[in-house]
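Below is one structure, written out as structure tokens; the observations come after it.
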């Protein structure tokens, strides 16, 4: 009985491997297509998009949290961050050709990360927990990754 099941397990393993390989080929093809559009670094682009989308989701929470000065401060910080992230994405999608361009993108990411930090700080100064703390931690982590990719790209160009 064990012998009858063994071929089907092998077949299932082979099928799973084929599905994984097909997914890798598709992902590779998408990266090549993205590079063909002029995007300098598709991984950095994906991280910036993640950061932008998470910032937009976090900003969407603002109306639920009331009208305090602290919440308004964070709302403004997220609005500014969204604008800066769109600028960084635009730079990347047009194609950055020099190390200086990546340094400029890195500086934009640092400004955005500082805005998240300031949002948490405003609540800490008032001895209140930030309702944005978890989101800001995630955003700062994404920002750190973006900064690292931009630094690596600057060294390669």
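Looking only at the stretch 111-127, count every residue that is closer than 16 Å to residue 49 by Cα and surrounded by fewer than 19 Cβ atoms within 10 Å (Cβ to Cβ) and tell me the total.
0
Just to be sure I understand, how many residues within the stretch 128-157 are within 18 Å of residue 72 (Cα to Cα) and surrounded by 15 or more Cβ atoms within 10 Å (Cβ to Cβ)?
Qualifying residue count for the region: 5.
Taken together, the values in this text are just the output of simple stated rules run on the coordinates, not laboratory data. Predicted, not measured: the structure shown is a model, and the values here were computed from it. Methodologically, a virtual Cβ is constructed for each residue, glycine included, from the backbone with ideal geometry; neighbour enumeration extends over all protein chains shown.
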